[in-house]
Amino acid sequence: MTLFRATVLDTPDDPFTGGALRADDDCGLLVEDGVVTARGPFGALRHEHPGTEVLDLREGLLLPGLVDTHVHFPQVRVIGGLGMPLLDWLERCALPEEMRLADVEVARGVARDFVTGLVDAGTTTALVFGSHFAPAVDVMFEAAQVWGLRVTTGLVTSDRVLPEPLLTTPERAHEESLGLAARWHGKGRLRYAVTPRFSLSASDAVLESCAATFGALDDAWFTSHVNENVREVEEVGRLFGGASYVDTYDRHGLVTRRSVLAHDVHPTDAELATLAARGASVAHCPTSNAALGSGLFPMRRHVEAGVRVAMGSDVGAGTGFSMLKEGLQAYFAQRLLGDDGLPLTSTHLLWLCTVAGADALGLAGEVGDLSVGRQLDAIWLLPQAGSPLAVGLANATSAEDALSKVFALGTTADVGGVWVGGDQIAAGRWRRPPVP
């Protein structure tokens, strides 16, 4: 049992429906077996538990662990390929790199780099786009298990358009997916995600295979891409006889409450209505959308249609693992849309990077905020004295202003500690396990 003492900022109530930032100075969080069992003024909790070990984190800010709902494990080493639209970037950067993961030892090194990137950024929960190679997905699960992260991932499946080494058959995809799920789904903090790459590279036969896998697994997730790039959207329509992008998944029963579709920059109103009716979520990936020139995400249309929205980094088209940076870029994108944009505050940004992601992944009752009954997934922001964030926080006029400074100025270097389920997995530059 440990009593955490800190300034705690979190968003237990949805700011899009009137919720406010919860900000508690000198807050006490009593943690037992990884779960927050009491929360209140530190002095009161200390009086009730005089012999309990105290972890004093007052020097910085304690936030919930960050949640990334769309990030590509095989692409960590190609971050920064700028100046290309989606399909050109895939051909020149992503797909050649992804073919290298046929070598399991290469995959092991990539998984090490990937998980280290998540931890350093304070990401404690992630929906991870896996690899086209089943042994590489095993390696990804192994790395997540060693670090104790909450990871949902799976085999990426395609049967057309891509280079031949990345292609499969519906039968093999189903068999390999079920094998991976048997080894990893529900093991500790790990879950399986059925993952066709996108309808452009997945025929109806592969999507039907995905539906069979999805139906065979309890509490599995479904994830893919949708409406990212205008050229891509047009080609999907051509391949599927004029069907909308969302419909290519929906007609196979793949759009449900347990579905997260990435991007959705160019949706139709009918597609938004379908997503809302099914309870599906969209992973908004602003740095990727900007880097590839895909467009500005219509958040207002999604929210007003009742579509769940969370945040994704989309590494490697995205420009890094930091969800703080993604939050800031989401703010910029909505400003650039003018009257069509949805004005965002720092409270909205924290919600999108924590509770909204947990909700999209069916984990809102476990993580996302630091309420009683939640697992202690948390990050401690501890900027170095004299750094821009330290100066900003020292001069903040309110908790909301301090949180704005976090999103405007915070970097991975400001993450001073990371906990998952009450277990500390990083502190400053110390990380468990050590990285060779």
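So which residue, out of A102, A220, A310, gets the largest mean-square fluctuation from a GNM of the chain using Cα contacts under 10 Å as springs?
Its mean-square fluctuation being the largest, the pick is A102.
Relative contact order of region 177-251: what whole-number percent is it, with Cα pairs under 8 angstrom and at least 6 residues apart?
Details: 72 pairs, mean separation 21.9, N = 75.
Worked out over region 177-251, it gives 29 percent.
Per residue of region 58-74, what does 6.51 cos²θ - 1.76 cosθ + 1.60 with θ = phi - 60° give for ³J(HN,Hα)? Whole Hz please, x for Gly and Pro, Karplus curve as stated.
Working through the residues one at a time gives 5, 5, x, 10, 9, 10, x, x, 7, 10, 10, 9, 7, 8, 9, 4, x Hz.
Quick one: check the C-alpha center-to-center distance for region 122-178 versus region 296-323, whole angstrom.
If we compute the Cα centre of each part, the gap is 22 Å.
If you take the Cα Rg of region 63-160 and divide it by 2.2 N^0.38 Å, with N the number of residues, what do you get?
After normalising by residue count via 2.2 N^0.38 Å, the value is 1.06.
What does the convex hull of the alpha-carbon atoms of region 241-394 project to on average, in nm²?
About 11.2 nm², averaged over all directions.
Just to be sure I understand: if I project the alpha-carbon convex hull of region 389-432 onto a plane and average over all orientations, what area do I get in nm²?
The number I arrive at for region 389-432 is 3.7 nm².
Using θ = phi - 60° and the Karplus curve 6.51 cos²θ - 1.76 cosθ + 1.60, what whole-Hz ³J(HN,Hα) does each residue of region 304-309 get, with Gly and Pro shown as x?
5, 7, x, 8, 5, 10
Add +1 for every Lys or Arg and -1 for every Asp or Glu among the other residues with Cβ under 11 Å from the Cβ of A134, and state the total. Before the final figure, lay out the partial values.
Details: positive: R172, R183; negative: D138, E175, E176.
Charge balance near A134 sits at -1.
Got a sec? Charge dipole of the chain, +1 on Cβ for Lys and Arg, -1 for Asp and Glu; which of V415, T52, T213 is way out at the positive end?
Value computed over the given set: T52.
Return the long-range amide H neighbours of F129 (sequence gap of 5 or more, or a different chain), with a cut-off of under 5 Å between placed amide H atoms.
It is V71, H72, F73, by chain and number.
When N counts the residues of region 97-139, how does its alpha-carbon radius of gyration compare numerically with 2.2 N^0.38 Å, as a ratio?
Compared with the compact-globule rule of thumb, region 97-139 sits at 1.16.
Each residue of region 217-223 in order: what ³J(HN,Hα) in whole Hz does its phi give by Karplus 6.51 cos²θ - 1.76 cosθ + 1.60, θ = phi - 60°, with x for Gly and Pro?
10, 6, 6, 7, 10, 10, 8
Cα convex hull of region 231-308: mean projected area in nm², to one decimal?
Average projection, Cα convex hull of region 231-308: 4.9 nm².
Rounded to the nearest 10 degrees, what's the angle between the helix 204-216 long axis and the longest principal axis of the chain, both from Cα atoms, 0 to 90?
40
Please give the helix 104-120 orientation as an angle from the longest Cα principal axis of the chain, in degrees from 0 to 90, rounded to the nearest 10.
The helix 104-120 is inclined about 40 degrees to the chain.
Taking Cα pairs under 8 Å and at least six residues apart, what relative contact order does the chain come out at, in percent?
This gives 19 percent for the chain.
Given a cut-off of under 8 Å on Cα pairs at least six residues apart, what relative contact order in percent is computed for region 236-318?
Relative contact order for region 236-318 comes out at 28 percent.
Could you work out the Kirkwood radius for the chain, taking every pair of different alpha carbons, averaging 1/r and inverting it, reported in Å?
In the chain this quantity evaluates to 21.7 Å.
As a test of understanding, state the convex hull volume per residue of region 311-372 from its alpha carbons, in Å³.
Details: hull volume 6.1 nm³, N = 62.
Hull volume over Cα atoms, normalised by residue count, gives 98 Å³.
Please compute the Kirkwood hydrodynamic radius of region 164-276 from all pairs of different C-alpha atoms, in Å with one decimal. Walk me through the numbers on the way to the answer.
Numbers: mean 1/r = 0.0688 Å⁻¹.
Mean inverse Cα-Cα distance, inverted, gives 14.5 Å.
If you add up the charges near G421, with Lys and Arg at +1 and Asp and Glu at -1, over every other residue whose beta carbon is less than 11 angstrom from its beta carbon, what do you get?
That works out to -1.
Give me Rg/Rg_expected for region 120-195, where Rg uses Cα atoms only and Rg_expected = 2.2 N^0.38 Å with N residues.
So region 120-195 has a normalised radius of gyration of 1.12.
Report, to the nearest 10°, how far helix 230-239 tilts away from the longest principal axis of the Cα atoms in the chain, using its own Cα long axis and a range of 0 to 90°.
The angle comes out at about 40 degrees.
What does the charge count around G338 come to, taking other residues whose C-beta lies under 15 Å from its C-beta (Lys +1, Arg +1, Asp -1, Glu -1)?
+1
Where the only charges are on Cβ atoms (+1 Lys, Arg; -1 Asp, Glu), what is the dipole of the chain about its Cα centre, to the nearest 20 debye?
480
Under the Kirkwood approximation for Rh and a Cα-based Rg, what ratio Rg/Rh is obtained for region 1-130?
1.15
For V54, what residues show an amide H to amide H distance below 5 Å, using hydrogens built from the backbone and excluding near sequence neighbours?
Excluding prolines and chain starts, which carry no amide H, the hits are L3.
Please list the radius of gyration and Dmax for region 289-341, considering alpha-carbon atoms only, with Å as the unit.
11.3, 31
For region 204-250, what is the Kirkwood estimate of the hydrodynamic radius, computed as the reciprocal of the mean inverse distance between distinct Cα atoms, to one decimal in Å? Each step should come with its number before you reach the end.
On the way: mean 1/r = 0.0850 Å⁻¹.
Result for region 204-250 stands at 11.8 Å.
For region 353-436, what percent of Cα pairs sit more than 23 Å apart? Present the calculation step by step, with values, prior to reporting the outcome.
Working: 1226 of 3486 pairs.
Looking at region 353-436, the distances longer than 23 Å represent 35 percent of pairs.
Only the coordinates and a few stated rules stand behind these numbers; no lab work does. Model, not experiment: these values are computed from the prediction. Positions of Cβ are backbone-derived with ideal geometry, glycine not excepted, and every protein chain shown enters the neighbour counts.
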